[in-house]
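**Q** Please read through the structure below; I'll follow up with questions.
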Amino acid sequence: MGVGISNWRLAQAVAIAGERLRVPILGVVSGTGAEILLTRRLQDGDPDGLLRRALEAFPIPAIAQRILDKYFVNVKKPGATRYRLTPKLGDVISPDPARRREFIELSVCANFVEVWLGKQGHNGPIGVNTLEKIQTLHPFRIYGQMLAGVDYVLEGAGIPDQVPQILDRLVDQQPVSYKVDVANAREKLVVEFDPTELFPGGYLPKLQRPKFLAIVASSLLAKVLASHRTPGYVDGFVIEGPTAGGHNAPPRGPKIQYNELAEPIYGEKDVVDLDEVASLGRPFWLAGSYGSPEKLQEALAAGAAGIQVGTIFALCEQSGLRPDLRREIVKRAFHGKFEVRTSMTASPTGFPFKVGVLSGTLSDPAVYQERPRRCDIGHLVEFYRTKDGAVGTRCPAEPMKAFIQKGGSVERAEGTVCLCNSLFATAGYQQVDKLGEEPPGITLGDDTSAVPRLISDECGSYTAEEAVRFLFQVVVE
């Protein structure tokens, strides 16, 4: 659900609808980019005061106050004014303890805010979905989410085998560590976090362990995560197919084949054996073109506990998708003319990534070519060893010359999109500075066929509750 699309408002609306309609549903916020979202919303003036209300509830007032002092302005930021930037991933391993602490405090607090707001006004469960690829942040993000009482943690886009143990240790306020990949190296960086360092006077709040759902695309990975080789306990799985939005797993096999649009071709090897998954004794949910009542029933008949749905909620009124973009996509989807492609080059992570084709966005070749390359957010950077043995960061979406000087290749950088900046622009928080205004980039699942079933004409819209009613076929009384 991208950056800021499945925000706390949408997750809250879904949870409230589930409670009101008495159907089992989980509202999920996207944890990706929570740090930048909080700071940009504060710089936009927090007009309804809800962010400040959440910060007042944060159990470490001094941290909340430092963030307010640095980022909050009491009037909305003028559109042509540049957003103040946040610390980068490299600061987590900085030898400067002040830089490291600032990053940790912001990450813990921002994730608390998103979950805490999502849980207000109902008693339904709230979960968080994050990318394993952004490894450096996991201990801090998860801790902030747990401070807010998150009910489920979902994670994919990588092998999330370190997360269960992180949850098991943090619930007891124990120190944790997370091993971070270094490009072209067998060694790992180790990011350490001791939650007691954040609390003055030794006070530590009581926490609950959220359930952990691993997002996987193969029964083999599910087996590994459910085995003794993975410390901690995995509570279930989301089995995600290649038609789901955002990042996908690459096709299995020694050599990827492509169609005439340069999209990877998936085959029989990429179909997950659900009987093998069921034999693990954990509940599982199916994702990727399951956003309809018929597909829900199909999933249940296959032994699944249910489905994970993103696209139809990304296009509902409570979604964080910029309204003008949402209206245009809904209009096209109503007529069956919205196209989604799978790109092997768009994401800096190297994973296949779903790109919605829409003029004025980065799927437009002219827009892509005109955009100056930059990496000023840096959430998807990779760590590498410099020539002098130090640890540096680089990103295929940064300026080409800089990436090559850091040991990157032209082939790796060509066609890559700055997902950090483009997805914030898609959510309405685009950076505007001397390089210009950041263009948006759309990501959705392949299947938008539910849209004409939810609205009566191309100018229509629907709410999160109407989407829930549609999926569960709840009749309006």
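Coordinate-derived values only; no laboratory data. Everything numeric in this text was worked out from a predicted model, so none of it was measured. Methodologically, a virtual Cβ is constructed for each residue, glycine included, from the backbone with ideal geometry; neighbour enumeration extends over all protein chains shown.
**Q** Grab the beta carbon distance between R327 and L21, set R0 = 30 Å, and tell me the FRET efficiency rounded to 0.05.
**A** Rounded to the nearest 0.05, the efficiency is 0.70.
**Q** Let me ask something additional. Test of understanding: express the Cα radius of gyration of region 368-462 as a ratio to 2.2 N^0.38 Å, with N the residue count. List each step's numbers first, then the result.
**A** On the way: Rg = 18.0 Å, N = 95, 2.2 N^0.38 = 12.4 Å.
Cα-based Rg divided by the globular estimate yields 1.45.
**Q** Additional query: In region 128-187, which trypsin sites (Lys or Arg not before Pro) are in a loop and have at most 16 other Cβ atoms within 10 Å, using DSSP for the loop call? Mind dumping the intermediate values first?
**A** Numbers: sites: K133, R141, R169, K179, R186; in loops: K133, R186.
When the trypsin sites (Lys or Arg not before Pro) of region 128-187 are filtered for loop state and at most 16 Cβ neighbours within 10 Å, R186 remain.
**Q** Calculate, for S449 and D388, the FRET efficiency according to 1/(1 + (r/R0)^6) with r their C-beta to C-beta distance and R0 60 Å; round to the nearest 0.05. Let's see the in-between values first.
**A** On the way: r = 55 Å, r/R0 = 0.91.
Efficiency for this residue pair is about 0.65.
**Q** With +1 on each Lys and Arg Cβ and -1 on each Asp and Glu Cβ, and nothing else charged, work out how big the dipole of region 132-262 is about its Cα centre, in Debye to the nearest 20. It would help to have the intermediate numbers written out before the result.
**A** Values: 13 positive and 14 negative charges, 61 e Å.
The dipole magnitude comes to about 300 debye.
**Q** In debye, nearest 20, what is the charge dipole magnitude of region 186-230 about its Cα centre with +1 on Lys and Arg Cβ and -1 on Asp and Glu Cβ, if you could check? Display every interim value, and only then the final one.
**A** Numbers: 7 positive and 4 negative charges, 77 e Å.
With Lys and Arg at +1 and Asp and Glu at -1, about 360 debye.
**Q** So what's the back-of-envelope 222 nm ellipticity for the chain, counting only DSSP H runs of four-plus at -39500 (n - 2.57) apiece and dividing by all residues, rounded to 500? Mind showing how you got there, number by number?
**A** Values: 18 runs with 158 residues, N = 477.
For the chain, the value works out to -9500 deg cm²/dmol.
**Q** Could you give P(r) for region 244-368, binned at 10 Å from zero, as whole percent values over all Cα-Cα pairs?
**A** Going out from 0 Å in 10 Å bins, region 244-368 shows 11, 32, 36, 18, 3, 0 percent.
**Q** Order these peptides, 160-167, 193-200, 262-269, 354-361, by their mean beta-carbon neighbour count within 10 angstrom, highest first. Display every interim value, and only then the final one.
**A** Working: 160-167: 21.9, 193-200: 15.2, 262-269: 13.1, 354-361: 18.6.
Going from most to least packed, we get 160-167, 354-361, 193-200, 262-269.
**Q** When only Cα pairs under 8 Å and 6 or more residues apart are kept, what is the percent relative contact order across the chain? Don't skip to the answer; put the middle values down first.
**A** Working: 943 pairs, mean separation 77.7, N = 477.
Taking the mean separation of contacting Cα pairs over the length of the chain, I get 16 percent.
**Q** Placing +1 at every Lys and Arg Cβ and -1 at every Asp and Glu Cβ, with all other atoms neutral, what dipole size does the chain have around its Cα centre, in debye to the nearest 20?
**A** Details: 54 positive and 56 negative charges, 193 e Å.
Charge dipole of the chain: 920 debye, to the nearest 20.
**Q** Starting from 0 in steps of 5 Å, tell me what percent of the Cα-Cα pairs of region 182-290 lands in each bin.
**A** With a bin width of 5 Å, the distribution comes to 2, 9, 14, 14, 16, 14, 13, 8, 5, 3, 2, 1, 0.
**Q** I would also like to ask the following. Report the one residue of L147, P87, Q162 whose Cα lies farthest in the direction of the positive end of the charge dipole of region 84-165 (charges on C-beta: Lys and Arg +1, Asp and Glu -1; origin at the Cα centre).
**A** The residue sitting farthest along the positive end of the dipole is P87.
**Q** Give me Rg/Rg_expected for region 62-188, where Rg uses Cα atoms only and Rg_expected = 2.2 N^0.38 Å with N residues. If you can, show how the numbers build up before the last one.
**A** Working: Rg = 16.2 Å, N = 127, 2.2 N^0.38 = 13.9 Å.
Compactness ratio reported: 1.17.
**Q** Give K88/K211; K223/K269; K179/K211 a once-over and call out the pairs whose C-alpha atoms are over 18 Å from each other.
**A** K88/K211; K179/K211
**Q** In a shell of Cβ-Cβ distance under 14 Å around P242, excluding P242 itself, what net charge do Lys and Arg (+1) and Asp and Glu (-1) give? Please report the intermediate quantities before stating the final value.
**A** On the way: positive: R252, K269, R341, K354; negative: E240, E263, E268, D270, D446, D447.
In short, -2.
**Q** Could you tell me which chymotrypsin sites (Phe, Trp or Tyr not before Pro) in region 195-255 are loop residues by DSSP with no more than 10 other beta carbons within 10 angstrom of their beta carbon? List each step's numbers first, then the result.
**A** Numbers: sites: Y203, F212, Y233, F237; in loops: Y203, Y233.
Answer by residue number: Y203.
**Q** Further question on the same structure: Return the percentage of antiparallel bridges among DSSP beta bridges fully within the chain, rounded to the nearest 5 %. Numbers along the way, then the final one.
**A** On the way: 19 of 44 bridges.
Of the beta bridges lying entirely in the chain, close to 45 percent run antiparallel.
**Q** Next question. Could you please state, rounded to a whole Å, how far the C-alpha centre of region 441-477 is from the C-alpha centre of region 50-87?
**A** Cα centres, region 441-477 to region 50-87: 34 Å.
**Q** Give me the percent of Cα-Cα pairs in region 95-170 that sit more than 16 Å apart, rounded to a whole number. All intermediate terms of the calculation are to be shown ahead of the outcome.
**A** Numbers: 1454 of 2850 pairs.
Summing the P(r) of region 95-170 above 16 Å gives 51 percent of all pairs.
**Q** Quick one: if the Förster radius is 41 Å, what FRET efficiency do L300 and H228 give, using the C-beta to C-beta distance and rounding to 0.05? List each step's numbers first, then the result.
**A** Working: r = 30 Å, r/R0 = 0.74.
For L300 and H228, the calculated efficiency is 0.85.
**Q** Kindly state, as a whole number, the per residue volume in cubic angstrom of the convex hull around the alpha carbon atoms of region 7-87.
**A** It is 119 Å³ per residue.
**Q** Between N74 and K206, what length in nm is gained on full extension when 0.36 nm per residue of separation is reduced by their alpha carbon distance?
**A** Working: separation 132, 0.36 × 132 = 47.52 nm, distance 3.39 nm.
Full-extension gain reported as 44.1 nm.
**Q** Would you mind checking region 103-128 for residues with the amide N under 14 Å from a putative spin-label position 7 Å along Cα→C-beta of E192?
**A** none
**Q** Considering the options G389, Y178, P365, tell which one lies farthest towards the positive end of the dipole of the chain, charges being +1 on Lys and Arg and -1 on Asp and Glu at the Cβ, about the Cα centre.
**A** G389
**Q** Okay, next question. Which loop-located trypsin sites (Lys or Arg not before Pro) does region 291-349 contain, where loop means any DSSP state but H, G, I, E or B and the Cβ has at most 11 other Cβ atoms within 10 Å? Walk me through the intermediate numbers first.
**A** Details: sites: K295, R326, R327, K331, R332, K337, R341; in loops: K337.
Counting only loop positions with at most 11 other Cβ atoms within 10 Å, the trypsin sites (Lys or Arg not before Pro) in region 291-349 are K337.
**Q** Compare the Cα positions of G310, N259, I134 along the charge dipole of the chain (+1 at Cβ of Lys, Arg; -1 at Cβ of Asp, Glu; about the Cα centre) and return the one farthest towards the positive end.
**A** I134
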